[in-house]
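S.K.: Here's a structure for you.
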Amino acid sequence: MSLLDLLVARITAQGPITVAEYMADCLLHPAFGYYATRDPLGAEGDFITAPEISQIFGELLGLGLAQSWVAQGRPQRIILAEAGPGRGTLMADALRAARAVPGFVEAAQLVLLEASPTLRTPQADMLGGYAPHWIESLGDLPDDAPLFFIANEFFDALPIRQFQRDGRMWRERQVGVAGDALRFGLGPAQPQPALAHRLDDTTDGDLIEHCSALAPAIDAIGQRIAVHGGAALIVDYGDWRSLGDTLQALRDHKPVDPLKTPGAADLTAHVDFEAIAQAAPCAHTRLTTQGVFLERLGITHRARSLAQHLTGNPLDNLIAAHRRLTHPEEMGNLFKVIGLFPEGQAPPPGLDI
Ligand code: SAH
């Protein structure tokens, strides 16, 4: 039995499923889900992320949050949280660097949102010294202290629904069955009041995406920041409002057909940062590219200082990592950053309003 067999049997019996239902099963099915069953990160995995490319990424984000903590009067007890911590690398680098800011690490209670039992193991190994506490949903974040929050490549894993415009109505893209394979199809044309604002910037036949888990997630984070203080740094690939099909499957660092090998390839979609800004019940920054953000935080300065101790291959790797994270043709422009912060306070370093 594979996830493909299971989905074909279920769809044959019960009818087509939405793209969101398909994504959720592919990523998080307890027995066959992509994240539920493996560690997908790194050179031997299917994709590589910024913190796995260079320690500088996590260091700069950690120092950025610590700087916001200082600007907000060094609260004595804070929640330091990460959603989708992968191997725990980003948070480990962030905490190590933030030791340079006296009191920050001591004030922090570490909370991790992780759906994958497989990935909780490396997270426990990497971060065990900080006594992390795992939660199941952002609604479970403690709500009694300032929240300092990081997410890198978490929101792109949240399931999206896709709708194709048909006059002033929408047809939902679905996953159905043809023989023993999966196939995309379209549901009946229906009005979608939640998509009314997209009638202004689309024409017949355009495809748009909607992530229904996004607004509640941002609301849970933003409410805590609005009430208790703190800051959030959200890094992902995507843009201000999305248009077109951005569902992407990656296997062994290469794009593959998203319907071919359910559960064995990573599935993501571009993050709609406008939807994040609209859902935020606190202040938000302007959207900034990852390259500009990291430059403003001093990535080149930090890379130079690390380079002083290196020669040969390690030095070449460092130079390549710096380029990969910042260059407009690599991750520099594709990845974006938005910050959340309390009204009336300074935005997180590297971001502006
Ligand atoms: N932030 C890490 C890992 C990114 S991969 C890095 O930059 O390297 C996506 C992460 O989000 C993984 O840890 C995955 O298990 C987790 N994840 C995906 N969907 C999730 C969900 N719905 N709830 C909680 N964690 C989720």
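The values are calculated or read from the model by the stated rules, or taken from the named source; none is laboratory data. If you're wondering where the values come from, they're calculated on a predicted model, not measured in any experiment. Cβ: placed from backbone, ideal geometry, glycine included. Neighbour counts: every protein chain shown. Protein only, heavy atoms only, side chains kept; ligands, DNA and RNA dropped before computing areas. Shrake-Rupley method; radii C 1.70, N 1.55, O 1.52, S 1.80 Å.
S.K.: Quick one: in region 141-162, which of the residues that are out of contact with any strand residue (DSSP E or B) (no Cβ under 7 Å at 6 or more places or on another chain) and under 30 Å from GLN174 (Cα atoms) is nearest to the ligand (Cβ to nearest atom)?
M.R.: Of region 141-162, the ones out of contact with any strand residue (DSSP E or B) (no Cβ under 7 Å at 6 or more places or on another chain) are 143-144, 158-159.
Cutting the leftovers down to under 30 Å from GLN174 (Cα atoms) gives us 158-159.
Details: LEU158: 6, PRO159: 8 Å.
Among residues in region 141-162 that are out of contact with any strand residue (DSSP E or B) (no Cβ under 7 Å at 6 or more places or on another chain) and under 30 Å from GLN174 (Cα atoms), the one nearest to the ligand (Cβ to nearest atom) is LEU158.
S.K.: Same structure, new question: Just checking: which of the helices (runs of 4 or more DSSP H) contained wholly in region 87-160 hold 1 or more residues that are among the charged types (D, E, K, R) and touching a residue at least 40 places away in the same chain (Cβ under 8 Å)? It would help to see each step written out before you state the result.
M.R.: Working: elements: 89-98, 104-107, 117-127.
The qualifying helices (runs of 4 or more DSSP H) are 89-98.
Okay, residues lined up against (1) touching a strand residue (DSSP E or B) at 6+ places or on another chain (Cβ under 6 Å); (2) among the charged types (D, E, K, R); (3) within 20 Å of ALA157 (Cβ to Cβ):
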{"residue": "GLU274", "(1), (2), (3)": "no, yes, yes"}
{"residue": "ALA279", "(1), (2), (3)": "no, no, yes"}
{"residue": "THR285", "(1), (2), (3)": "yes, no, no"}
{"residue": "THR311", "(1), (2), (3)": "no, no, no"}
{"residue": "LEU334", "(1), (2), (3)": "yes, no, yes"}
{"residue": "ILE353", "(1), (2), (3)": "no, no, no"}
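S.K.: Is it the case, given these coordinates, that GLY312 is buried (at least 17 other Cβ atoms within 10 Å of the Cβ) and either at pLDDT 95 or above or out of contact with any His (no Cβ under 8 Å at 6 or more places or on another chain) (or both)?
M.R.: Here the answer is no, as GLY312 does not meet what is asked.
S.K.: Residue under question is LEU267, and the condition is that it be assigned to a helix (DSSP H, G or I), aliphatic (A, V, I, L, M) and open to solvent by less than 10 Å² (accessible area, probe 1.4 Å); does it hold?
M.R.: On the way: assigned to a helix (DSSP H, G or I): no; aliphatic (A, V, I, L, M): yes; open to solvent by less than 10 Å² (accessible area, probe 1.4 Å): yes.
So LEU267 fails the test.
S.K.: Has region 289-297 got at least one residue that is open to solvent by 20 Å² or more (accessible area, probe 1.4 Å) and at pLDDT below 95?
M.R.: Start the filter on region 289-297 by keeping residues that are open to solvent by 20 Å² or more (accessible area, probe 1.4 Å), which leaves 289, 292, 295-297.
Imposing the further condition that a residue be at pLDDT below 95 reduces the set to none.
No, the conditions are met nowhere in region 289-297.
S.K.: Conditions first: (1) out of contact with any helix residue (DSSP H, G or I) (no Cβ under 6 Å at 6 or more places or on another chain); (2) assigned to a helix (DSSP H, G or I); (3) modelled with pLDDT under 95; (4) of a type outside the set (Asp, Glu). ALA20 passes all but one, so which condition is the exception?
M.R.: Of (1) out of contact with any helix residue (DSSP H, G or I) (no Cβ under 6 Å at 6 or more places or on another chain); (2) assigned to a helix (DSSP H, G or I); (3) modelled with pLDDT under 95; (4) of a type outside the set (Asp, Glu), only one is false for ALA20: (3).
To keep it simple, each residue is scored yes or no on (1) under 17 Å from the mean Cα position of the chain (by Cα); (2) buried (at least 20 other Cβ atoms within 10 Å of the Cβ).
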{"site": "ILE11", "(1), (2)": "no, no"}
{"site": "GLY15", "(1), (2)": "no, no"}
{"site": "THR18", "(1), (2)": "no, no"}
{"site": "ALA24", "(1), (2)": "yes, no"}
{"site": "HIS29", "(1), (2)": "no, no"}
{"site": "TYR35", "(1), (2)": "yes, yes"}
{"site": "ASP39", "(1), (2)": "yes, no"}
{"site": "THR49", "(1), (2)": "yes, yes"}
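S.K.: Suppose we keep only residues that are open to solvent by 30 Å² or more (accessible area, probe 1.4 Å) and within 23 Å of PRO122 (Cα to Cα) within region 64-105. Which one would you say is farthest from the chain's Cα centre (by Cα)?
M.R.: The residue in question is ARG99.
S.K.: Looking only at residues that are among the β-branched types (Val, Ile, Thr) and in a loop (DSSP other than H, G, I, E, B) in region 34-84, which one is farthest from the ligand (Cβ to nearest atom)?
M.R.: Looking at residues that are among the β-branched types (Val, Ile, Thr) and in a loop (DSSP other than H, G, I, E, B), I get ILE48.
S.K.: I've got another one for you. Look through LEU112, LEU138, LEU119 and report the one residue that is modelled with pLDDT under 95 and either within 10 Å of the ligand (Cβ to nearest atom) or buried (at least 21 other Cβ atoms within 10 Å of the Cβ) (or both). I'd like the intermediate steps shown before the answer.
M.R.: Working: LEU112 fails: modelled with pLDDT under 95; LEU138 fails: modelled with pLDDT under 95.
The match here is LEU119.
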